Amino acid sequence: SYRFVNTYRSLNQTDEIVVFSKEKWPFYNRVLLPDYVNKTKKWEDLIKYNEQELKDLNITLHTDKGIDLIDKEHKTVKDASGVYHTYDLLILATGSRAFIPPNARMDLPGLFTMRNKKNADDLMKKVSAGSQVVVVGGGLLGLELAAALVEVNVSVSVVQRSSRLMERQLDPVGSAMLREYVEELGIRIFSDDEVTNIRQENDRLQVILHSSRVLSAHALVYAIGTRPNTRLASEAGLKCALGVVVNERLQTSDPSVFALGEIAEYNKKLNGITAAAEQQADVCARYLAGDATSAYSGSVSMNILKFPSLDLCSIGIPAIPNGGKNYNEITFMDRDALYYKKCIIHEDRLVGAILLGDKAEFAEFKELIESKTELSEKRLQLLR
């Protein structure tokens with residue numbers, strides 16, 4: 001976790017930090033992979049730290065060498081080469097892997113996920129201007145990848161199992177307006193549908209949907225969510241449920257082992273967003289550096305869709321919960337201008353917001369939600 005390292009070192013700590021990574025390029029910004037695919041950004045633009053910066057931070061970095069085993073009793077880890085390393089404190093930041101349906105034919109050429117540089121490079125080799133690609137998943141990654149491919153004249157179809165795009169981040173109104181925009185980009189949307197079979201015919205994939213439609217494509221990308229990489233923790237006997245269970249210090253069931261990011265389960269909840277991982281890393285670093293008051297209390301859900309010529313973000317809850325009491329909504333919409341804003345208020349506190357077409361209030365609303373500030377007279381100023 002680059003945020004942990006940066007915070008810990010900024011507090012003048014001299015402890016030795018050793019980082020093991022299965023990947024050749026750790027410390028990169030995964031959410032920018034679609035921009036790398038369409039060559040809007042170079043790989044160097046995604047890197048958080050270069051080699052010199054790591055040396056300046058006095059970090060020993062092992063790339064292409066993951067950890068295969070954790071021995072809590074002897075406080076050692078065994079790397080992929082079979083070498084054992086001792087530790088005083090161990091931090092797990094193993095992230096997540098792409099979810100692939102159990103019946104997916106990943107042995108066929110042209111099937112991809114989008115989690116690392118190799119995935120992106122392999123897809124770039126497979127497709128070019130005029131190619132046809134099927135993206136399975138209408139969430140953030142699926143839509144951003146689809147838009148990135150369209151920019152380089154690739155024909156894209158998105159298959160979404162549910163009836164709405166970004167169903168967890170948007171309400172029905174926002175989702176419908178987003179779909180209008182996506183289809184105007186030339187992206188075909190197949191909602192309430194899913195892939196049931198894939199066949200290879202010559203250099204093409206024949207993608208059969210539940211609706212009996214058949215989509216011909218040069219490549220198919222699964223972007224339907226992730227699963228936390230908890231194997232190491234589970235095999236070491238650490239308490240796991242949805243992820244690796246942690247307390248407010250980000251400690252696991254072993255006080256010498258901490259977990260951050262997509263694998264960390266706090267209060268029966270996982271957080272798959274970058275902001276939450278950075279917040280957890282900051283809390284953990286400060287606690288280990290001697291700040292006994294540093295504690296994690298959960299993260300507010302935040303989602304920002306990076307799209308050409310469209311601002312879209314959601315913070316907190318996107319809609320009033322079923323049966324929820326003492327909730328109110330303040331909305332403003334201009335459908336022709338693709339402009340929609342909504343605030344959700346519960347007991348005089350802002351608990352959720354959707355900003356489509358303009359996200360000028362993002363920082364203000366984020367602060368109001370995180371601080372749980374009573375709105376009082378400020379309520380009259382929201383979206384006015």
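The values are calculated or read from the model by the stated rules, or taken from the named source; none is laboratory data. Keep in mind the model is a prediction, meaning the values are calculated, not measured. All Cβ positions, glycine included, derive from the backbone under ideal geometry; neighbour counts span all protein chains shown. Side chains are part of the model used for accessible areas, which takes the heavy atoms of the whole protein and leaves out ligands, DNA and RNA. Shrake-Rupley method; radii C 1.70, N 1.55, O 1.52, S 1.80 Å.
What are the residues in region 10-31 that are farther than 27 Å from residue 81 by Cβ, more than 25 Å from the chain's Cα centre (by Cα) and not β-branched (Val, Ile, Thr), if any?
Selection gives 10, 11, 12, 13.
In region 3-50, how many are within 18 Å of residue 117 (Cα to Cα), not basic (Lys, Arg) and not in a loop (DSSP other than H, G, I, E, B)?
14
Test residue 142 against the criterion of being open to solvent by less than 20 Å² (accessible area, probe 1.4 Å) and touching a helix residue (DSSP H, G or I) at 6+ places or on another chain (Cβ under 9 Å), and give yes or no.
Values: open to solvent by less than 20 Å² (accessible area, probe 1.4 Å): yes; touching a helix residue (DSSP H, G or I) at 6+ places or on another chain (Cβ under 9 Å): no.
Criteria not met by residue 142.
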| field | Which numbered condition residue 104 misses (of (1) touching a residue at least 40 places away in the same chain (Cβ under 8 Å); (2) open to solvent by 30 Å² or more (accessible area, probe 1.4 Å); (3) closer than 30 Å to residue 143 by Cα) | value | (2)
| task | Could you tell me whether region 291-303 includes any residue that is under 30 Å from residue 16 (Cα atoms), touching a residue at least 24 places away in the same chain (Cβ under 8 Å) and hydrophobic (A, V, I, L, M, F, W, C)? | result | yes
| task | Among the residues of region 54-101, count how many are open to solvent by 50 Å² or more (accessible area, probe 1.4 Å) and more than 20 Å from residue 25 (Cβ to Cβ). | result | 15
| said: Quick check on region 254-268. Is at least one of its residues touching a Phe, Trp or Tyr at 6+ places or on another chain (Cβ under 8 Å), under 21 Å from residue 5 (Cα atoms), among the hydrophobic types (A, V, I, L, M, F, W, C) and surrounded by fewer than 22 Cβ atoms within 10 Å (Cβ to Cβ)? | reply: no
| Do the conditions hold for residue 157, that is, is it among the hydroxyl-bearing types (Ser, Thr, Tyr) and open to solvent by less than 50 Å² (accessible area, probe 1.4 Å)? | yes
| said: Please count how many residues of region 20-31 are surrounded by fewer than 18 Cβ atoms within 10 Å (Cβ to Cβ) and touching a helix residue (DSSP H, G or I) at 6+ places or on another chain (Cβ under 9 Å). | reply: 6
| said: Against the condition touching a Pro at 6+ places or on another chain (Cβ under 8 Å) and within 30 Å of residue 331 (Cβ to Cβ), how does residue 147 come out, does it pass? | reply: yes
| said: I need the full set of residues from region 347-370 which are of a type outside the set (Lys, Arg), outside any helix (DSSP H, G or I), touching a Leu at 6+ places or on another chain (Cβ under 8 Å) and free of Cβ contacts under 8 Å to residues at least 40 places away in the same chain, in order please. | reply: 348, 350, 361
| message | Among (1) hydrophobic (A, V, I, L, M, F, W, C); (2) over 23 Å from residue 147 (Cβ atoms); (3) surrounded by 19 or more Cβ atoms within 10 Å (Cβ to Cβ); (4) in contact (Cβ under 8 Å) with a residue 60 or more places away in the chain, there is one condition residue 319 misses while meeting the rest; what is its number? | response | (3)
| note | When region 226-246 is checked residue by residue, the ones that are more than 19 Å from residue 88 (Cα to Cα) and of a type outside the set (Val, Ile, Thr) are 227, 228, 229, 231, 234, 235, 239, 240, 241, 242, 243
| Residue that is least open to solvent (accessible area, probe 1.4 Å), among those in region 33-45 that are without any contact (Cβ under 8 Å) to a residue 40 or more places away in the chain and closer than 23 Å to residue 275 by Cβ | 41
| message | For region 214-246, give me each residue that is open to solvent by 50 Å² or more (accessible area, probe 1.4 Å), of a type in the set (Ser, Thr, Tyr) and at pLDDT 95 or above. | response | 234
| message | Which numbered condition in (1) over 21 Å from residue 302 (Cα atoms); (2) surrounded by fewer than 17 Cβ atoms within 10 Å (Cβ to Cβ); (3) not aliphatic (A, V, I, L, M) is the only one that residue 168 fails? | response | (1)
| Out of all the residues in region 187-204, which are surrounded by 13 or more Cβ atoms within 10 Å (Cβ to Cβ), under 25 Å from the mean Cα position of the chain (by Cα) and of a type outside the set (A, V, I, L, M)? | 188, 190, 191, 193, 194
| task | Can you work out which of the residues in region 359-384 that are open to solvent by less than 60 Å² (accessible area, probe 1.4 Å) and within 24 Å of the chain's Cα centre (by Cα) is farthest from residue 315 (Cα to Cα)? | result | 371
| query | Here are some residues: 249, 286. Which one is more than 30 Å from residue 125 (Cα to Cα), open to solvent by 20 Å² or more (accessible area, probe 1.4 Å) and part of a loop (DSSP other than H, G, I, E, B)? | reply | 249
